[in-house]
Amino acid sequence: MMEGFVLHGDFLDTTAQRRVRWRKNAWAVCEDGRCAGVFDALPERWRGLPVHDCAGSVILPGLTDLHVHAPQYEFAGLGFDHQLLDWLEALAFPTEARYADADYARAHYGRFAADLRQGATTRVCAFATLHGAGAAVLMEALEQAGLAGGVGKVNMDRLSPDILREESTAVSLADTEAWILATRENFPHIRPVITPRFVPSCSPELLAGLGALAEKYGLPVQSHLDENQDEIALVAQLHPDCESYARVYDKYGLLPAECIMAHCVYLDAAERRLLRERGVFVAHCPGSNANIRSGIAPVTEYLDEGLSVGLGSDVAGGYTLDMFTAMRDALSASRLLWRLRGGTGRWLRSEEALFLATRGGGAFFGQVGAFEPGWEFDAVVVDESRWPARPQNTDAQRFERLLYQAGDRDVTAKYVAGRRLF
Ligand code: GUN
Ligand code: FE
């Protein structure tokens, strides 16, 4: 049986050309979780459907967080005088070790999922910790919160502290396969994702085994790539036979058709070609890259070269789950990079920030991230009334104001694949 409804308001999304598109005072029809179209006048055949009337409110496709560490949410904002490798030792590893306790995990992942539910994010690809039971708890929490996306049980069998290192490569692989089998059919909207933490924390045997598991079960892969210069030097030292960091993942079958690599601050030309050939998604995490002084990813170049790019909060390298902040951070970082490069090249246009947070990252999840016929119906209604008023705004100004004023707290209604969360 067809289940449907109509949403009425001012729709704001982006086109494949990364341009903003307004359809004001329009009617979007959702049938069986998918958008049947956006119309100036509601066609006769759908007039019997229930209407959620948000006349005058702006309605965005849900925002997409391609890279976040759920167990790190509890210390978001701490430790930003460290750089990556020290920050991991001082904050991330000791905190993640606590998730061996499933009750601890349930409490903290519950808070993470509840906060995500209240905001503008509809799709998420999250790291859990190396604990399979905890990763399953996170999947359950996100599913129950109504979100969609993926979760990874993290793998780390070397160069990690005793409190957060798997007993052996064999145990790491066996736990991963057990976790996949225990979860892959339990959560309709949350998939398991193969998650080597990053190259330094995985032995070559583990990388190879994870590549084989991704292939065996047809699962996506997520990891970190080219985030920090000390990290890159470490990878070069560990894998002298590979000409680049990205090649290490590729060598072990870890750049499959569905793949997210976070950060990518320092991709060389060959790595960019490789990621493009493999269809890898870059999760651009500008907030984190500033907080722990990793650098500035040249995201306009990646876009212009045809790479798939979305945004990541990278909590707790990032201090907030709010993807409106990630959009603003992407713009600030790109403008500063343009200046640091002597005012040459181009900077990220405002419209491209919305593209990255919606359609750009949404493509990882399929037909997601815009109000297109046949695409999954993710939508968030944003209340503009609390911002300093400027009623004579043009559409272009209304968009820019939204970009700089909006936050998760302004979301008043939310749909994920056609299900209304609030
Ligand atoms: N590289 C390996 N692990 C991590 C992590 O937890 N956060 C970030 N930002 N980078 C990483
Ligand atoms: Fe990360």
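Per this entry, Glu352 is counted among residues that are over 22 Å from Tyr73 (Cβ atoms), in contact (Cβ under 8 Å) with a residue 40 or more places away in the chain, crowded, with 18+ Cβ neighbours inside 10 Å and away from ligand 2 (no atom under 16 Å from the Cβ). Please determine whether any residue of the range 282-297 is closer than 17 Å to Gly152 by Cβ and away from ligand 1 (no atom under 16 Å from the Cβ). For the range 282-297, residues closer than 17 Å to Gly152 by Cβ and away from ligand 1 (no atom under 16 Å from the Cβ): absent. Please tell me if Ala257 is surrounded by fewer than 17 Cβ atoms within 10 Å (Cβ to Cβ), within 16 Å of ligand 1 (Cβ to nearest atom) and hydrophobic (A, V, I, L, M, F, W, C). Here the answer is no, as Ala257 does not meet what is asked. Answer yes or no as to whether Arg359 is buried (at least 19 other Cβ atoms within 10 Å of the Cβ), charged (D, E, K, R) and modelled with pLDDT of 95 or more. The answer is yes for Arg359.
Could you tell me which of the residues Trp87, Trp22 is under 22 Å from the mean Cα position of the chain (by Cα) and either closer than 19 Å to Phe371 by Cα or among the aromatic types (Phe, Trp, Tyr) (or both)?
Numbers: Trp22 fails: under 22 Å from the mean Cα position of the chain (by Cα).
Unique residue meeting the criteria: Trp87.
Exactly one residue out of Asp40, Asp81, Asp13, Asp65 is closer than 30 Å to Phe399 by Cβ and within 16 Å of ligand 1 (Cβ to nearest atom), and it is Asp65. For the range 258-275, a residue qualifies if it is away from ligand 2 (no atom under 14 Å from the Cβ) and either closer than 13 Å to Phe364 by Cβ or in contact with a helix residue (DSSP H, G or I) (Cβ under 9 Å, 6 or more places away or on another chain) (or both), and the qualifying residues are Glu258, Cys259, Tyr266, Leu267, Asp268, Ala270, Glu271, Arg272, Leu274, Leu275.
State which residue is surrounded by the most Cβ atoms within 10 Å (Cβ to Cβ) when the search covers only the range 14-43 and only residues that are touching a helix residue (DSSP H, G or I) at 6+ places or on another chain (Cβ under 6 Å) and under 18 Å from Glu376 (Cα atoms). Ranking the qualifying residues of the range 14-43, first place goes to Thr14.
Name the residue that is farthest from Lys153 (Cα to Cα), counting only residues in the range 87-99 that are without any contact (Cβ under 8 Å) to a residue 40 or more places away in the chain and within 15 Å of ligand 2 (Cβ to nearest atom). This residue is Leu88. Would you point out the residue of the range 394-422, among those that are in a loop (DSSP other than H, G, I, E, B) and surrounded by fewer than 14 Cβ atoms within 10 Å (Cβ to Cβ), that is modelled with the highest pLDDT? Per the stated criteria, the residue is Phe422. Here Val248 fulfils each of the conditions (1) within 15 Å of ligand 2 (Cβ to nearest atom); (2) touching a helix residue (DSSP H, G or I) at 6+ places or on another chain (Cβ under 8 Å) apart from (1).
Would you check if there is a residue in the range 156-176 being at pLDDT 95 or above, part of a loop (DSSP other than H, G, I, E, B), under 22 Å from the mean Cα position of the chain (by Cα) and surrounded by 22 or more Cβ atoms within 10 Å (Cβ to Cβ)? Checked against the condition, which is being at pLDDT 95 or above, part of a loop (DSSP other than H, G, I, E, B), under 22 Å from the mean Cα position of the chain (by Cα) and surrounded by 22 or more Cβ atoms within 10 Å (Cβ to Cβ), the range 156-176 yields at least one hit.
Take Glu271 and tell me if it is surrounded by 18 or more Cβ atoms within 10 Å (Cβ to Cβ), among the acidic types (Asp, Glu), farther than 19 Å from Val221 by Cα and modelled with pLDDT of 95 or more. The answer is no for Glu271.
If the condition is being within 16 Å of ligand 2 (Cβ to nearest atom), in contact with a Gly (Cβ under 9 Å, 6 or more places away or on another chain) and among the hydrophobic types (A, V, I, L, M, F, W, C), then the range 218-244 contributes only Val221.
The values are calculated or read from the model by the stated rules, or taken from the named source; none is laboratory data. Please read these numbers as outputs of a predicted model, since none were measured by experiment. Note that each Cβ is placed from the backbone with ideal geometry, even for glycine, and that neighbours are counted across all protein chains shown.
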